[in-house]
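**Student:** Pasting in a structure now, in structure tokens, and then I'll have a few things to ask.
Laboratory data are not the source of any read-out in this text; all were calculated from the coordinates shown. Just so it is clear, the structure is predicted and the values come from calculations on it, not from any experiment. Cβ placement follows ideal geometry from the backbone for every residue including glycine, while neighbour counts extend to all protein chains displayed.
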There are 2 protein chains.
Amino acid sequence: MYSPATKTMNIHYQTHPVIHPEPSIMPGSLPSDIQDKDKSPIYSASVKDAITLIRSIAPETLVETRFIDDADGYTLAAPVICREDMPGYDRSWKDGFAVNSRDVKGAKPENPAILTYTGEIRSGYSEKKQIKNGECAAIITGGPLPEGADAVVMHEYAILKGHSVEITCPVILGENVIRKDEDAKAGEVIYQEGWVLRPQDIGVLAGFGICTVQVRAMPVIGILSTGPELVPADGRPARGEIRETNSYLISALCRKLGAIPKRYGIAWEGSADLSHLLKTAVKECDAVIISGGSAHDERDRTAEVISGQGKLLLSGLSISPRKKMVIGEIGGKPIIGLPGHPASVYLLLLLVVTNLIQAMKGADAHGLLKEQVIAGVDIKSHPDREYHIPIRISGDRAYPLGRKAGMVSILSQCDGIIHIPQGSTGIKKGDVVEIMDLTCIRSPVSFPGIQ
Amino acid sequence: MYSPATKTMNIHYQTHPVIHPEPSIMPGSLPSDIQDKDKSPIYSASVKDAITLIRSIAPETLVETRFIDDADGYTLAAPVICREDMPGYDRSWKDGFAVNSRDVKGAKPENPAILTYTGEIRSGYSEKKQIKNGECAAIITGGPLPEGADAVVMHEYAILKGHSVEITCPVILGENVIRKDEDAKAGEVIYQEGWVLRPQDIGVLAGFGICTVQVRAMPVIGILSTGPELVPADGRPARGEIRETNSYLISALCRKLGAIPKRYGIAWEGSADLSHLLKTAVKECDAVIISGGSAHDERDRTAEVISGQGKLLLSGLSISPRKKMVIGEIGGKPIIGLPGHPASVYLLLLLVVTNLIQAMKGADAHGLLKEQVIAGVDIKSHPDREYHIPIRISGDRAYPLGRKAGMVSILSQCDGIIHIPQGSTGIKKGDVVEIMDLTCIRSPVSFPGIQ
């Protein structure tokens, strides 16, 4: 039986976040009362640090029992154990004749073994058939092997002539037979805890007679937006204002990742409104995401508000193009502050928030689907920095997205992300590069006129 | 504005299926009354033929209006039109100073342009600011450009000294500015009909103030299983019996593809029971899938029952490893008969049934996500035939699945499908091959001990 691996992603959960000696991105001066004596916030974290931190503070959701027909995409909260030998009886996996292998030893076309034909065996009939020495029985794929038989001769090597069968090829013991416990043995672990169920796994569980599974419940993710320039999506922005976009983006991605989004609307300028909304969200949700809340602007009070209600753990991410991010904790619930620009939000959702949701469901990092594409242009990078560059794909070519971050439409072109590690000077046009597409949401069609 | 392409998959919808001259796979003799005078069933079809046929008979589902927050994954039933110029006003996309480009012509560090500082402009404030010749205003990313300004100097090239600003670098007209209609113009098509919405598109729609969309409803897919050897998944199979697996597999995949599965259970041997269940399913669903119903066994009455109630259009697929399949139509609703073995069912679901569901939702073929992997072993093929080989992935290597089709557990190892076209003699170990992973359901972890 195929047995899914034990955990292979070596993400080490830390109880204390790494403290970086050089705070290269300082989010203004932080009030001294938020500086916990035991834990200082990280001021310049790599994406890996942020993932490690978010996984270390992610509370696992409750265990629930689900009928397998409604369990696709859920993460197992307990191993699944095989209850009985599978398939439970020796079966043929070819159409042909069930024989005793000793009876057909040395058979060849010019000197066939002649066996007595005793009738046929089908799947779906539980009659217990038996063959004796020198006998055989017709059998179809899936048919139960009769007693006395130990192999199946494919019908290509057998000719039925009245009451006897000419076998023109020998078989060895067990040939073309699935043993009674070859699929799985009673007591064997079929799926490990932490396995994310796929449609084919649902089929396997049904086949094994396991109709309910213990899984982790979907986490409820609260979503808030902050920013004085925001108007609701169905509003009409005046000069200087823009529509609130991020809560829709975050909500749709949460659903896709198997979480339940809960939107709390827009917190206006000032910390009182944000503080009130955050309190409600923390009470009602398992984790909260605040967009436009990554301390880019001194009017952004996210870090301050988190510190007021709980603890700030990380403020600032050392990646290029620069993205700001806040991670905190209130009453044991993770709070993530993301930037305001949708394209940056999307990147950090894919890189970091996916890990939060997976960890809350007890799953390892996964789904980081890689695809290979050809760089359509040179992409330069500075060896001192780590880059995560959103790209669009046209044909098999990848092109970095335009840098006009303020444009809403850029978001719809984001097909994947190229990671350039520290130490690299970039990618040359024509290089084969690996891109990350986490959610299978690549544009289904190619774009005209860009090739 | 980025505009999703017009249809690029050149699938030509045929009203009459292709008739193949040589019926190489004959499903026994068909009763003469099912032979339509105008249309004969196809007896040996390529996968492409089957897809063309299934798309030609797929009835589109009804149009419904959905709030964008609940529209991810749905297919647009009408183009989405931009209602107003976006962003609606000239905006800065850099932090810096809004200037008139003529005022900073020729500016350089040793000879800076000196401008009068008039204060700052933020996003989120609709006050209408104006600058005159020789003036500038501080502006942040997203801020509305003041009247009189036509470009933005990045703060790296400007020094604020009391009431004046030294500019050390020239800018051209429009530099670092997003024009009022650069995202999209009023009346422009933002998304074409047939576009499948992704989370990033939901964000874009919100940003454009479009909160409801016209989409195709999810199709309801009836699921039946046939076979005298089948017992329900929660039953205990006797010798010669197996549990019914396929309806769970089909159901989970339907949900993943955005369809509503409706299971009708197991039809026992004989055509009366199947005929009755099929009648009910056709009445209640938009399409019906019958597994264990691809005329492999002469006891399989699927083709006969379809002909009795409607029309048989295709019976037999010319691919290797051989898979049998039936396509028919009853009262304008497509009926698909699939084999009994779960691994074969899964392959045909991915290759053909996905196309049915996409077409019913008005979407082009898409989501055929390709990944490149290295062949872990030689895979031989006969140049006369087309192959679709299920594989598992270990590391970056692809290995064909074991051929013991009767084993239920094999299904959980199916990570992708390799297509070997006619004319090829196969794949060598070490070759880079393209695999299809339609549903992002690749095993999240690698398998130990197989490397």
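**Student:** I'd like the mean, over residues of B:138-145, of how many other protein chain beta carbons sit within 10 Å of each residue's own Cβ.
**Tutor:** Taking all residues of B:138-145 together, the mean is 3.
**Student:** How much length, in nm to one decimal, is gained on full extension between B:Leu173 and B:Asp378, taken as 0.36 nm per residue of separation minus their Cα-Cα distance?
**Tutor:** 67.7 nm
**Student:** Would you pull out the residues with amide H under 5 Å of A:Ile81's amide H, same chain only if 5 or more places away, H placed 1.01 Å from N?
**Tutor:** Here A:Ile190 satisfy the definition.
**Student:** Measuring from label point to label point, each 7 Å out along Cα→Cβ, what is the A:His276 to A:Lys108 span in nm?
**Tutor:** The two pseudo-label positions are separated by 9.4 nm.
**Student:** Sort shortest first the distances from A:Phe67 to its counterpart in every other copy, using label points 7 Å along the Cα-to-beta-carbon line, and give them in nm.
**Tutor:** Values, ascending and in nm: 2.8.
**Student:** Still on this structure, I have one more. Given a cut-off of 31 Å, name the pairs among B:Lys94/B:Lys361; A:Lys94/A:Lys161; A:Lys361/A:Lys429; A:Lys94/B:Lys429; A:Lys48/B:Lys429 whose C-alpha atoms lie farther apart than that in the structure shown.
**Tutor:** From B:Lys94/B:Lys361; A:Lys94/A:Lys161; A:Lys361/A:Lys429; A:Lys94/B:Lys429; A:Lys48/B:Lys429, over 31 Å: B:Lys94/B:Lys361; A:Lys361/A:Lys429; A:Lys48/B:Lys429.
**Student:** Amide H of A:Ile391: which non-local residues (sequence gap of 5 or more, or other chain) have their own amide H closer than 5 Å, using H built in the peptide plane?
**Tutor:** For A:Ile391, the qualifying residues are A:Leu401, A:Asp415, A:Gly416, A:Ile417, A:Ile418.
**Student:** About the Cα centre of the range B:370-436, what is the dipole size in debye to 20, counting +1 per Lys and Arg Cβ and -1 per Asp and Glu Cβ, all else neutral?
**Tutor:** Dipole about the Cα centre, nearest 20: 260 debye.
**Student:** Run the label-point distances for B:Glu120 please: 7 Å along Cα to Cβ, every other copy, nanometres, shortest first.
**Tutor:** Nearest first, the other copies' label points are 8.6 nm away.
**Student:** Please report the antiparallel percentage of the DSSP beta bridges confined to the range B:80-189, to the nearest 5. Write down the numbers at each step before the final one.
**Tutor:** On the way: 21 of 26 bridges.
Counting DSSP beta bridges with both partners in the range B:80-189, the antiparallel share is about 80 percent.
**Student:** So how do B:Ile114, A:Ile167 line up by other beta-carbon neighbours within 10 Å, fewest first?
**Tutor:** B:Ile114, A:Ile167
**Student:** What does the copy distance list look like for A:Lys279, label position 7 Å along Cα→Cβ, in nm and ordered from shortest?
**Tutor:** In ascending order, 6.6 nm.
**Student:** When A:Leu278, B:Leu350 are ordered from fewest to most other Cβ atoms inside 10 Å of their Cβ, what list results?
**Tutor:** In order of increasing Cβ crowding within 10 Å: B:Leu350, A:Leu278.
**Student:** Oh, and also: What are the residues whose amide H is under 5 Å from the amide H of A:Leu145, where those residues sit 5 or more places off or on another chain and H is modelled from the backbone?
**Tutor:** Sorted by chain and number, the residues that satisfy this are A:Asp90, A:Arg91, A:Ser92.
**Student:** Calculate the spin-label point distance for A:Gln309 paired with B:Val432, positioning each point 7 Å from the Cα along the beta-carbon direction, and give it in nanometres.
**Tutor:** Computed distance between label sites B:Val432 and A:Gln309 equals 4.9 nm.
**Student:** Give me B:Thr52, B:Thr354, B:Thr116, B:Thr65 ranked fewest to most by other Cβ atoms within 10 Å of their Cβ, as a rough exposure proxy.
**Tutor:** Neighbour counts put them in this order, fewest first: B:Thr65, B:Thr116, B:Thr52, B:Thr354.
**Student:** In sequence order, what are the phi-derived ³J(HN,Hα) couplings for the range A:350-363 according to the Karplus relation 6.51 cos²θ - 1.76 cosθ + 1.60 with θ = phi - 60°, rounded to whole Hz, with x for glycine and proline?
**Tutor:** After applying 6.51 cos²θ - 1.76 cosθ + 1.60, I find 5, 6, 10, 5, 3, 5, 4, 5, 4, 5, 5, 8, x, 9 Hz.
**Student:** Oh, and also: What FRET efficiency comes out for A:Ala78 versus B:Asp396 if R0 is 30 angstrom and r is the Cβ-Cβ distance? Round to the nearest 0.05. It would help to have the intermediate numbers written out before the result.
**Tutor:** Details: r = 31 Å, r/R0 = 1.04.
With R0 = 30 Å, the Cβ-Cβ based efficiency is 0.45.
**Student:** Modelled label-to-label distance, A:Gln192 and B:Val231, 7 Å Cα→beta-carbon offset: nm?
**Tutor:** 3.2
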